[in-house]
Amino acid sequence: MELFGLFNYWVFALLLMVGFYAVISRPNLIKKLLGLSIFQAAVFLLYITMDKVEGGTAPIIQKGVDDAIYSNPLPQVLILTAIVVGISTLALGLALVVRIYEAYGTIEEDEIQQQDLNR
Amino acid sequence: MFLAAAFAILVTMILAIARALVGPSVYDRVLAVNMFGTKTVLLLSVVTFLFGRPDFLDLALAYALINFIGVLAVLQFFENRHQDDADRAEDT
Amino acid sequence: MITIVFGVFLLTLLLIVAIAIVREQDLFTAVTLMGIFSLLMAANFFVLDAADVALTEAAVGAGISTVLLLGALALTPGRERSIPKGRWLALVVVTLTTLVVVHATFGNPRLGDPGAPVHQHVAPWYLEQTPELIGIPNVVTAVLGSFRAYDTLGEVIVVLTAGIGVLFLLGLPGAVGERRREELALGRTYLSHHLVPQVVGRLLIPFILLFALYVQFHGEYGPGGGFQAGAIFASAIILYALIEGEREALTVISPRLLVWMMAGGALLYGGVGVVTMLLGGNFLDYSVLAEDPVKGQQWGIIVIELGVGITVAGVLLAIYHAFAARGR
Amino acid sequence: MSLATQLPALQVAVPLLTAPLLVLLRGPGLAWAAACAASVMAFVIAISLTASVMTTGAISYAMGGWPGPYGIVLEIDALGTLVLLLVTGASTAALLSGRASLGLDIDAGRQHLFYAAWLIVLAGLSGIAITGDAFNVFVFMEISSLATYILIAAGPDRRALTATFKYLIMGTIGATFYLIGVGLVYMMTGTLNFADMESRIADVSDQRPILVAAGFISVGLALKAAVFPLHLWLPGAYTYAPHVVTAFLAACSTKVAIYVLLRFDFFLFQDNLVGHTMQFAVFLVPLAILGILVGSAVAMVESNLKRLLAFSSVAQIGYILLGASFANEAGLTAAVAHMFNHALAKGALFLAVAAIAMRVNGLRLQDIAGIGRRMPLTTAALAVAGASLVGVPGTAGFVSKWLLLQAAFAQGALGIAAVVVVIASSLAAVFYVWRIVECAYFGNAQAPGDAAAVVTEAPLPMLLGLWLVVIANVYFGLAPELPVSLAESAAADLLRHVP
Amino acid sequence: MSPADTILLALVLPLCGAVLIGLCGRWPNLRETITLLTATALAAVVWSLTPLIMDGGRPRLHITELFGGLEIAFSVEPLGMLFAALAATLWIVNSVYSIGYMRGNKEKHQTRFYICFAIAIAAALGVAFADNMLTLFLCYEILTLSTYPLVSHKGDAATVRSARVYLGILLGSSIGLLLPAIIWTYVATGTLTFTPGGIIDGFIDGPAVGLLLALYVFGVGKAAVMPMHRWLPAAMVAPTPVSALLHAVAVVKAGVFTVTKVIIYIFGVDELFAEPSGEWLLYAAAFTIIAASVIALRQQNLKRMLAYSTIGQLSYVILAAAVLTPLSEVGAAIHIVAHALGKITLFFAAGAIYTASKKTELHQLAGIGARMPWTMAAFTIAALSMIGVPPTGGFVSKWFILAGAFQTDNYVAIFTIILSTVLNAAYFLPIIFAAWFAKEAPGGKDHGEAPWPAVLALSITALGTLAFFFFNQPVLELESQLMARIE
C-alpha cells in the first residue's frame, strides 16, 4: 500500500509521455496542441500531488476550527498560474493553426513541409 | 453512506467513459460527455460531504453551469457542420 | 486512505482517456474526450484538496478550451489523416524517459506525507501568517494576491498576450451589422431555433453572471477569484452568443469595450502597483493603501482580483469572437 | 522611498504596463513612439542599475514588501545587469531604427498590437534577468515566449506561421520541462527562492529527484537557448520573423535562457549533486563542440542570408557554453563576455540585413550582389559587424574570442581540442562572412532596369541605429572594460556558489 | 611636442589624410596634393623621431588597456624605427609614382585607392611601432583588410578570385595560427610586451618552443615562408603601385619584421639559440629561398617573377634572423631596407613598362632598353642589388648575413646564400641582357618613357639603392643598438 503513495507520480510520468508522444509523433497540428495540453496537465498533477497532507483539507481557514490541518497553498497558486499559461498557449496555438490552414490548405505537418519544399 | 454513493458514482463514470470511447456514433459520445459531466457534479457534491467541507458545494454548481455551456457549444458545432455538409451537398 | 483509493481510480480513468485522445483520429471526438479529461483532472484536484485549482481547471479545461478547440475545428479539417506506422523511435524515447522519471519517483515523498519538505518550509508560514497579515480565510487567494502578486501580474499579462496574439493573427470582428443578413442568406442557424436550449439558456445566463460575481468577490473566503470569475463570466456571454448569435453578443459587449476590458484589467492591476509605489511602499505592497496594513492588504487584493477578472473575461471573449468571426 | 530604490521594479513595470496602453492606442505612429519611449526608459534604468551594481554590489528588492522566501525577491547582480543591458539595449536600438522596416512587414491596423507584444517581450526578458525566484522565471519566460510568437508570426511570409508554430511547440515543451524541474526541486526543498534553495538543497535526503530535476531544467532551458541539437526551431524562427524582430531576438533571447541555465547550474547543481560535480563539463562540452562545428558548417553552405546568420548563432551559442563548461573563472568570464559581444555583433548584422531587405527583394546571396555600391553605408556596417562576428582584433568579437581561447589554453589536453575547434569555426566564420561581404561588394549586380537599379541607401533612422550598434562593436573592442569587468564579477559571483 | 605625441601623430596623420582624401574625391588634383602632403608630413614626423632613438630613447604611447594587463600601446625601438622610416619615406616616392601610373592607365575608383593606401600605411606604422604582440596583431589585421580593396582593385572575376586567395591565406593563417600562438604566449607568460631578451625564457621550453615558433612563423603569413607564400603571386593582380609599396615594402616587410621582432623580443636570441627545437626555421627559410628562386626562374610574367623573387628575398631576412647571431640580426634589419629599395624599383619599372607599352611578359622585353633607357637603367641597378653585386645595397646586407653565418659556422646558411645568389643572377641577368642588347620583336607599339612622375620615382629609388651602399652608416649605428641589447 505504501507504494500507492507514488501512484500519482507514476501517472504524472505516463501522462507526460503520452502527451509528449502525441506532440512528437503526430503530424496533425491540432493533435499536437492536444498532446501539449495533456503534457501540461501532467505537470499540474505533479504539483498538486505535492500539496496534499494526510488528513488535511483545502487551505481555506475555517473559523472556530483550531486543530485543522491544511494542505499546502503554494503549489495551488503556482498551478493556477500554470493553467492560465496553458490556456493562453492553446489559444495562440489554435489561432496559428487557423492561419496556417488558410495559408496552406492543410494542417498536417508533413504536407506543409512538402509545400514549402516545392516552392 | 457517502462512501457507498461515491463508489456508485464512480462506477457510472466508468460506464459513461466506456460509451464515450466506444462510440460508435457522435451522438453517443456527446451524450456520454454530458452524462460524465453530470456524474462529476454528483461526485463532487458527495465528496464535499465526505470530506466535511460542504461549503465547497459552490464548485459543483460551477461545474454544472460550465458543463451546460460545453455541451451547447458541441451542439452548435454540430449544427453548423451539419449545415455546411448540407450546403456542400447542395452545391455539388 | 480514501484519497488514495479515489485517486487511483480517477487517475486510471485519466490515463485511459489520455491514451484514447492520442489514438483517436476524429478530432471532434478527441476534443470531446478532452472535456472528459479536464473534468477528471478537476475532480482529482478536488480530491487532493486543491479547490481553487479544481474550479479553474473545470472552467478552463471543460469550458473555455473546449469552446476554443471547437472554434478552431470549425475552421479546419475535422479529421486527422491516418499516419503511417513506424514511429518506433518516438515510442522508445518516450518509454525510456518514463522509466527514468518513474525510477526517480522512488525518492519522492509519499502522497500526503506530512514530513515532506514542502510542508516544513515556507508553506506553514503562509498558513500561520495569513490571518494575521492579510486577514482573509482563503490562503490561496492571499498567496496569489499578495505574497506572490508579482507572479499573478505576470499571469494577467500572459492572458493579455494571448489576447493580443489572437487579435493580431485573426483580427476582431468589426462592424457586425451586415453580417447577420449574410448569415441568414447562407442559411446558417443558431441554437435560437431550438426552443429548449434557448429557454434554459436565457434562464441560466443571469444566474451564471451572478455566480461569476459571487466567485469574484467571494474569492477571499472560498474557492474562486478573479481568474475563475472572469472565465465564468466569459462563459455566460459565450452561452448568450451561442443561443442568440454573435451579433447580439457583440452588441451587449462591443469589440471596443472588449479591448478596453483586456487592457483595463491589466492596467488596473498595474495601477495598484504604481499607487503603492507612490505611497512609499514597494511595488504591490498593499499595506500602504490604508491606515491599517491588514485593511490595505484586503483592499489591494480586492482591486487586483477585479483587474484579473476584467482582463480574463475580456481576453477570453475577444478570443472567442475572433475565432467565431473568422469562419463567416 | 526614493526613485532609485524602486528602479528594479520599474525595470519590468515600465514596459509591462505600457503594453496594455498600446493596445488601446490607435495609429501606428503613436504606438511606435510610446514603445520607443518605454524601451528607452528601460534602457536608462538598466544603465543606472548597472552603475549601482558595479559600485555597491548586488541589489535585492522585495516585491510587495514580502521578504524571501515568502515573497518574490528581485536579485540583481553583475550577470543580471549584463543581460539587462543586452535586452533593453537591443530592444531600443531595434525599435528606434526599425520603424520603416516594420511598417513594410506589418499593416498599419495591427501595428499597435505588434508594438504591445514587443514591449511584453522586453518586459518578460528583463523580468527573467532580475528575478530571484525560480517560478517567477517560468512566468516571465512564458510572457516573453508568447509575445515572441506574436512577433515572429508577424513575418510577411507564410512560412513565418509554421516556424512560429514549431517554436511554440518546442518552446512550450522547454518551459514545461523547466516547470517540472522546478517542481521537483521544490518538492525536495520546499522553497522557490534561489538563495533559499541553494542553502537547503545540500540537505536533501534523496538525490534522485534532484538529479532528474537537473536533467529536466537543463534540457528545458537548452531548448529555449537553442543549444545543439535542440536548436531546430531557431533557423526557421530567425529567418521568417520580421527582420527587425530577428535583430532584437538574436541579440538577446537565447542569452537569457543561457543566463538562467548558468544560474541554476552554478547556484544549485554544481557540487550539490552527489557524484555529479561537473555535469556541465561532461554533458555540455560535446554538445557545445558539435554545435560549433555543425552550426559553422551549415552556415558555410547556406545561401539565405538570415538563415546563414541563424546557423552562425547556433555555433556562437556553442562558444558560450564551451566557455561556461570549463567551470572556472576564466571560462565563465569568456562565456559571459561572449554573450555580450555576440549580441552586439549579431544585432548589428541583423539590423544591416533589415536595412538591406528594405531595398532588395529576397535575401539570398545573389540577391544582394553588388549592393555595396548602392548602399555603401549599410554594406560597410555589415562588413564591420561581420568582422566582429569573426573576431577581428579591434572589434568586440575579438575580445571574447581571446578570452575564450585563453581559458581553453589553460585547460590542458581537452582545452587544446577546444582551441582547435574554436579556431576552425573562426575560420569558417571568416569564410561565410567573407562570402557575404564579397558578394555585396563584388557580386555582379542584376541587369539594369531590374530592382537593383533603383536601390538606394536605407532610411536615415535605420542607418543611425545600425551604425550606433556597429560603433559599439568597435568601441567595446578597443575599450572592453565594461563587459569584461561585468563578466569577471559575474564569473566570480557564479563561482562563489560552488564550494 | 613630446615623443609620445609624435608617435600618435605618425599614426593619426595618414588616417586624417584618408578622411581628407575621401572628402576631396571629386577634385583629383586636390586629392593627389593631399596624398603627397600627408606623405611628406608623415615622413618628416617619423624622421623626427630618429635622433631620439639613435640616442637610445624609447618613447612609449599608451592608448588603452583592454583587460588582464593587455594594452594597446606603441613604442619605438631601432628595428621599428627603421621599418617605419622606410615605409614613410617610400610612401612619398610611391605617391608620386601612383599619380603617374593611375592616371596613365585611367584606373577607376582612384579615391578608394588612395584612401585604402593611406590606411594601409597607418597600419604598417602601427605594426612598426607596436609595443606588444596584441597591438601588433591588431595593426597586422588592419593592414590585411585595408589592402584587400587594393588587391581586388580591378574587380573582375579573376581578380576577385586572386584577392580571395590573398585574403584567405593572410586572414586564415593569422587567425588560425598566429592568434593561438599569441594567446599561448600570454597564457604561459602573462605578458605580451616586447622585451629585449625575450619573455618566454623560463615559461616555455623544450620542443614546445619549436612548436610555438612554427605557429608564429607560419601564422605571420605576410612573411611568405613556404607554404604560406601563395598569396603573394596572387596579389600581383593589383595595380603596380600597390605591388611596389605594399608587396615589396609595407605588407611583406611587416611580415618579416614581425618574425624578426618575435625572435628578438618574444623568444630572445639567446633562448632560441640554446633551444635546438627552433632550428627548423633555418631550414624552412633556406628551402623557401631556393625553391622560390627556382620557381622564379620558370616564370614568364614579369610581375609574377618579381613576386617569387620577393618570396625568396623575404626568407633571407628570416634566415638571417634564424642564424641567431648579433651580426646576422643586424643583417636582417639592413636587408629589409636594401631589398625594399631594390624591389620597389623593380616594381616601379615593371609598372612603367606596362603603362608605356602594356607589356607584361618577359619575352616581350627584348630591346626595350633603347625605348625606355631611364627605366631600364634603374631596373638594372635594382636587379644587381637583388643579386648582391657591389656597389648596391644588396651587397651590404648579404655581407652582414654571411658574416653572421660564419661566426657560428652555419654552413646551411652560407651555402643557401651562395646558391641563391647564383639563381638570382640566373633569372635577372638574361632579362637585363635581352633588354639592352637583343633586337625588339617587330610589330610592337611605338612608345617612349612612362609618364614623368613614374620615371622620377623609379630613378629616385634606384639612386637610393646605390646610395645605400655608400651611406649605410646611420642604419648600422641604429641597428647596432640591437646588437648591444642582444649581447
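Add -39500 (n - 2.57) for each DSSP H run of 4 or more in the protein assembly as shown, then divide by its residues: what number comes out at 222 nm, to the nearest 500 deg cm²/dmol?
Helix-only estimate at 222 nm: -24500 deg cm²/dmol.
In a shell of Cβ-Cβ distance under 13 Å around D:Leu464, excluding D:Leu464 itself, what net charge do Lys and Arg (+1) and Asp and Glu (-1) give?
0
How much accessible area does E:Glu107 have with a 1.4 Å probe, in Å² rounded to the nearest 10?
40
Give the whole-number value, in cubic angstrom per residue, of the convex hull volume spanned by the C-alpha atoms of region D:19-170.
Each residue corresponds to 114 Å³ of Cα convex hull volume.
Taking 51 Å as R0, compute the FRET efficiency from the Cβ-Cβ separation of C:Glu291 and C:Glu248 and round it to 0.05.
For C:Glu291 and C:Glu248, the calculated efficiency is 0.60.
Express the accessible area of region C:130-328 per residue in Å², computed with a 1.4 Å probe while the remaining protein chains stay in the model.
So region C:130-328 comes to 33 Å² accessible per residue, rounded to a whole number.
Report the FRET efficiency, 1/(1 + (r/R0)^6), for E:Met1 and D:Ala479, where r is their Cβ-Cβ distance and R0 is 25 Å, rounded to 0.05.
Efficiency computed from Cβ-Cβ geometry: 0.50.
Quick one: of A:Lys32/D:Lys166; D:Lys346/D:Lys401; E:Lys222/E:Lys359, which pairs are farther than 18 Å apart, Cα to Cα?
Among A:Lys32/D:Lys166; D:Lys346/D:Lys401; E:Lys222/E:Lys359, the Cα-Cα distance tops 18 Å for E:Lys222/E:Lys359.
Pop out the Kirkwood hydrodynamic radius of chain D from its pairwise C-alpha distances, inverse of mean 1/r, in Å to one decimal.
For chain D, the Kirkwood estimate is 22.4 Å.
Dipole of chain C, Cα-centred, from +1 at each Lys and Arg C-beta and -1 at each Asp and Glu C-beta, to the nearest 20 debye?
1360
Using a 1.4 angstrom probe, figure out how much accessible area region B:2-91 has per residue, in square angstrom, rounded to the nearest whole.
45
Cα axis of helix A:29-51 to longest principal axis of chain A: angle in degrees, 0 to 90, nearest 10?
Orientation of helix A:29-51: about 10 degrees from the principal axis.
Compute the helix-to-body angle for E:411-437: its Cα long axis versus the longest principal axis of chain E, expressed 0 to 90° and rounded to tens.
10
What whole-number value in Å² describes the accessible area per residue of region C:1-79 for a 1.4 Å probe?
19
Quick one: length gained pulling D:Ala424 to D:Leu3 fully straight, 0.36 nm per residue minus the C-alpha distance?
That pair, D:Ala424 and D:Leu3, stretches by 146.6 nm at full extension.
Placing +1 on the Cβ of each Lys and Arg and -1 on the Cβ of each Asp and Glu in region C:130-328, which of C:Thr276, C:Leu213, C:Ala325 has its Cα farthest towards the positive end of the resulting dipole?
Comparing the listed Cα positions along the dipole, C:Ala325 ranks first.
Report the Cα centroid-to-centroid distance between region E:235-287 and region C:124-172 in angstrom, as an integer.
Using only Cα atoms to place each centre, the spacing works out to 70 Å.
Test of understanding: express the Cα radius of gyration of region C:130-328 as a ratio to 2.2 N^0.38 Å, with N the residue count.
My calculation over the Cα atoms of region C:130-328 gives 1.16.
Calculate one ³J(HN,Hα) per residue across region D:103-112 by plugging θ = phi - 60° into the Karplus curve 6.51 cos²θ - 1.76 cosθ + 1.60, and present them in order as whole Hz with x for glycine and proline.
x, 6, 8, 10, 6, 4, x, 10, 5, 5
List the accessible area buried at the contact between B and C, summed over both sides and calculated with a 1.4 Å probe, in Å² to the nearest 100.
So the total buried area for this chain pair works out to about 4600 Å².
Looking only at other chains, what is the average number of their beta-carbon atoms within 10 angstrom of each beta-carbon in C:7-17?
6
Please list D:Leu344, A:Leu34, C:Leu267 in order of solvent-accessible area, largest first, computed with a 1.4 Å probe with all protein chains present.
Result, largest first: C:Leu267, D:Leu344, A:Leu34.
Carbon and sulfur: what percent of the protein assembly as shown's accessible surface (1.4 Å probe)?
Ligands and nucleic acids excluded, carbon and sulfur give 67 percent.
Compare each residue of region D:452-499 in its chain alone against the assembly with all protein chains, and report those whose accessible area goes down by 40 Å² or more; 1.4 Å probe, heavy atoms.
D:Leu478
Can you tell me the alpha carbon radius of gyration of region E:279-487 divided by the globular rule-of-thumb value 2.2 N^0.38 Å?
1.05
With a 1.4 Å probe, what is the total accessible area buried between chains A and C, in Å² rounded to the nearest 100?
Its buried surface, counting both partners, is about 7800 Å².
For the full complex of protein chains and a 1.4 angstrom probe, list E:Arg164, D:Arg435 by accessible area with the highest value first.
Result, largest first: E:Arg164, D:Arg435.
Hey, how many Å between the Cα centroid of region C:32-91 and the Cα centroid of region E:308-328?
Their Cα centres are 80 Å away from one another.
Classify chain B as rounded, prolate or oblate from the Cα gyration tensor: take a ≥ b ≥ c as the square roots of its eigenvalues, call it rounded if a/c is under 1.5, otherwise prolate when a/b beats b/c and oblate if not.
Because a/c hits 1.5 or more and a/b fails to exceed b/c, chain B counts as oblate.
Could you tell me the total accessible area buried at the E-D interface, probe 1.4 Å, in square angstrom to the nearest hundred?
Chains E and D together bury approximately 2400 Å².
Compare the Cα positions of C:Phe227, C:Gly135, C:Val315 along the charge dipole of region C:130-328 (+1 at Cβ of Lys, Arg; -1 at Cβ of Asp, Glu; about the Cα centre) and return the one farthest towards the positive end.
The residue sitting farthest along the positive end of the dipole is C:Val315.
Cut-off under 13 Å on the C-alpha distance; same-chain residues fewer than 8 positions from E:Lys154 excluded. Which aspartates and glutamates are left, in chain and number order?
Candidates past the 8-residue exclusion: E:Glu107.
What number results when the radius of gyration of chain E, computed over Cα atoms, is divided by 2.2 N^0.38 Å?
So chain E has a normalised radius of gyration of 0.91.
Would you mind pulling out the separation of the Cα centroids of region C:256-328 and region D:300-316, in Å?
Answer, in whole Å: 43.
Could you work out the relative contact order of chain E, using alpha carbon pairs under 8 angstrom and six or more residues apart, expressed as a whole percent?
For chain E, the relative contact order is 15 percent.
For chain E, with the dipole built from +1 on Lys and Arg beta-carbon atoms and -1 on Asp and Glu ones, taken about the Cα centre, which of E:Gly394, E:Gly104, E:Pro430 lies farthest toward the positive end?
Most positive-ward Cα: E:Gly104.
Consider all pairwise Cα distances in the protein assembly as shown and report the whole-number % of them above 46 Å.
Distances greater than 46 Å cover 48 percent of the Cα pairs.
Of C:Thr29, C:Thr152, C:Thr105, which is the most mobile in a GNM of chain C whose springs link Cα atoms less than 10 angstrom apart?
C:Thr105
Of E:Lys261/E:Lys358; E:Lys108/E:Lys398; E:Lys106/E:Lys343; E:Lys106/E:Lys261; E:Lys108/E:Lys261, which pairs sit farther than 30 Å apart, going by alpha carbon to alpha carbon?
Distance filter (> 30 Å) returns E:Lys261/E:Lys358; E:Lys108/E:Lys398; E:Lys106/E:Lys261; E:Lys108/E:Lys261.
Check the straight Cα-Cα distances from D:Lys224 and name the aspartates and glutamates below 17 Å, setting aside those fewer than 8 residues away within the same chain.
Result set, ordered by chain and number: D:Glu142, D:Asp265.
Just by accessible area at a 1.4 angstrom probe, what is the order of D:Cys439, D:Cys252 from largest to smallest?
Correct descending sequence by accessible area is D:Cys439, D:Cys252.
Taking R0 as 51 Å, what FRET efficiency do you get between D:Ala108 and B:Asp28 from their Cβ-Cβ distance, rounded to the nearest 0.05?
About 0.50, to the nearest 0.05.
Provide the descending list of Cα extents for region C:1-79 along its principal axes, expressed in whole angstroms.
Reported extents, whole Å, longest axis first: 46, 25, 9.
A:Lys63: which lysines have alpha carbons under 29 Å from its alpha carbon, excluding same-chain residues fewer than 8 sequence positions away?
List returned: A:Lys52, C:Lys295.
Among bridges DSSP assigns within chain E, what percent are antiparallel (round to 5)?
100
Pairs of alpha-carbon atoms within less than 8 angstrom and 6+ residues apart define the contacts here; what relative contact order does region C:130-328 have, in percent?
33
The values are calculated or read from the model by the stated rules, or taken from the named source; none is laboratory data. Keep in mind that what you see is a predicted model, and the values were worked out from it rather than measured. With ideal geometry, Cβ positions are generated from the backbone for all residues, glycine too; neighbour counts draw on all protein chains shown. Accessible surface is based on the protein model in full, side chains and every heavy atom, while ligands, DNA and RNA are left aside. Shrake-Rupley method; radii C 1.70, N 1.55, O 1.52, S 1.80 Å.
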